[in-house]
Amino acid sequence: MKRHPLFIMLGCLVAVLLLSLSLGQQVINPFNLDPLQFKIVLELRLPRIVVALLMGGSLGVAGAILQGVFRNPLADPYVLGTSSGAALAAAFGLLATQGTAVWLVPGLALVGALVTSAVVVSLGRDAWGVRAERLLLAGVGIGFFLSAILMLVMSLAQADGVKRALLWMAGDLAGADWSVVPVASLLMLFGFVLALARRRGLNALALGDEVAFGLGLEPGRERTLLVLAASLLTAASVALGGIVGFVGLMVPHAVRALVGADARRVLPLSAIGGGMLLCLADTVGRSVLPPVEIPAGVVTALIGAPWFLIMLRRATGGGMR
């Protein structure tokens, strides 16, 4: 790995972390805290920062995996509907238990992500294998359908749980706490380790199934394991803070422009870049219009939607960029 891109990203990450600790409805000097400010940092800002780092890192790596597996520059958990599937399944657990069963929401999110991924891949396949255009259309269609069902569930739920669930759907991190972090961190760890273990297969699949066969790999097996890794990461993100779009779309492209397409570099740097982006988005959302807070998912959508349209136009020329 080239050393200087890693050091640049780590330096930027430190700057973003200091900014996140400092900014909010009240500006705080993190190096000189009084007792009240220390309580604000420890109980309010630090959990949001940790959750944003874990969520963003998970989404960044999941996006890098899906873009390589399907050779599609527009693939990410949000666009392919995986986030919507995880959110719909997790919402049932969230509404049924009010978040008290810490294992239930992440577990349901994982089931929802896996089932949605399987359905999208099956719909995106034809006689010649998985096609990028069919995959994109299938993901968008399934995502809209699942989002509609999720809104129906919200409309039928009791009023006291609806606002919390709606904010959770928008990627609002204001309610972040430590309770779900251990379980979601395990899902993220398993997904990240599995992706790193299959990095050779990811590099091969990004070049085509023929290349994978030539290297002695079984494309179907590699694709299944990598989609499982992406589903684990997506489930971890949704369980931590709901639906956040476009992080998995933007970050891998920026990382590849910086260090190239080798998964050994792209995966860990996408984790750093994704965490940094979502942490910055949450900081902006809680700082620009105090005392009103804009959900981090809204901030990333405002940035990511134009990016998606640009990438969609480029993708019509074919191939990954």
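The values are calculated or read from the model by the stated rules, or taken from the named source; none is laboratory data. This is a predicted model, so every value here is computed, not measured. Here Cβ is always computed from backbone atoms with ideal geometry, including for glycine, and neighbour counts include all displayed protein chains. With ligands, DNA and RNA removed, areas are computed over all heavy atoms of the protein, side chains included. Shrake-Rupley method; radii C 1.70, N 1.55, O 1.52, S 1.80 Å.
Can you tell me which of Arg223, Arg313 is open to solvent by 10 Å² or more (accessible area, probe 1.4 Å) and in contact with a strand residue (DSSP E or B) (Cβ under 9 Å, 6 or more places away or on another chain)? Spell out the reasoning first.
Numbers: Arg313 fails: in contact with a strand residue (DSSP E or B) (Cβ under 9 Å, 6 or more places away or on another chain).
When all the criteria are applied, what remains is Arg223.
Quick one: Met9 ticks every box in (1) modelled with pLDDT of 85 or more; (2) touching a strand residue (DSSP E or B) at 6+ places or on another chain (Cβ under 8 Å) bar one, so which box is it?
So Met9 meets the others, but not (2).
If the Cβ limit is 6 Å and pairs must be 6+ apart or interchain, which residue in the stretch 274-292 that is free of Cβ contacts under 8 Å to residues at least 24 places away in the same chain pairs with which residue that is surrounded by fewer than 17 Cβ atoms within 10 Å (Cβ to Cβ)?
Nothing qualifies.
Would you pick out the residues in the stretch 249-270 that are part of a helix (DSSP H, G or I) and hydrophobic (A, V, I, L, M, F, W, C)? Spell out the reasoning first.
Within the stretch 249-270, the first condition is being part of a helix (DSSP H, G or I), and the residues that meet it are 249-259, 263-270.
Of everything in the stretch 249-270, those that are part of a helix (DSSP H, G or I) and hydrophobic (A, V, I, L, M, F, W, C) turn out to be Leu249, Met250, Val251, Ala254, Val255, Ala257, Leu258, Val259, Ala263, Val266, Leu267, Leu269.
Taking only pairs six or more apart or across chains, which ones have beta-carbon atoms under 7 Å, a first residue in the stretch 90-101 that is open to solvent by 40 Å² or more (accessible area, probe 1.4 Å), and a second residue that is modelled with pLDDT of 75 or more?
Phe92/Leu108
Could you check, for the stretch 52-67, whether at least one of its residues is open to solvent by 60 Å² or more (accessible area, probe 1.4 Å), of a type in the set (A, V, I, L, M) and assigned to a helix (DSSP H, G or I)?
There is no residue in the stretch 52-67 that is open to solvent by 60 Å² or more (accessible area, probe 1.4 Å), of a type in the set (A, V, I, L, M) and assigned to a helix (DSSP H, G or I).
With respect to the numbered conditions (1) exposed (fewer than 15 other Cβ atoms within 10 Å of the Cβ); (2) part of a helix (DSSP H, G or I), which one is the sole condition not fulfilled by Asn29?
Here Asn29 meets the rest and fails (2).
Can you work out which of the residues in the stretch 295-310 that are out of contact with any Leu (no Cβ under 9 Å at 6 or more places or on another chain) and β-branched (Val, Ile, Thr) is surrounded by the most Cβ atoms within 10 Å (Cβ to Cβ)?
Among those residues, the one meeting the criterion is Val298.
Quick one: which of Gly241, Gly318, Gly245 is of a type outside the set (Ser, Thr, Tyr), at pLDDT below 85 and in contact with a Ser or Thr (Cβ under 8 Å, 6 or more places away or on another chain)? Talk me through it step by step, then tell me what you get.
Numbers: Gly241 fails: in contact with a Ser or Thr (Cβ under 8 Å, 6 or more places away or on another chain); Gly318 fails: in contact with a Ser or Thr (Cβ under 8 Å, 6 or more places away or on another chain).
None of the others qualify; the one that does is Gly245.
Among the residues of the stretch 132-170, count how many are within 30 Å of Arg71 (Cβ to Cβ), at pLDDT below 80 and of a type outside the set (A, V, I, L, M).
2
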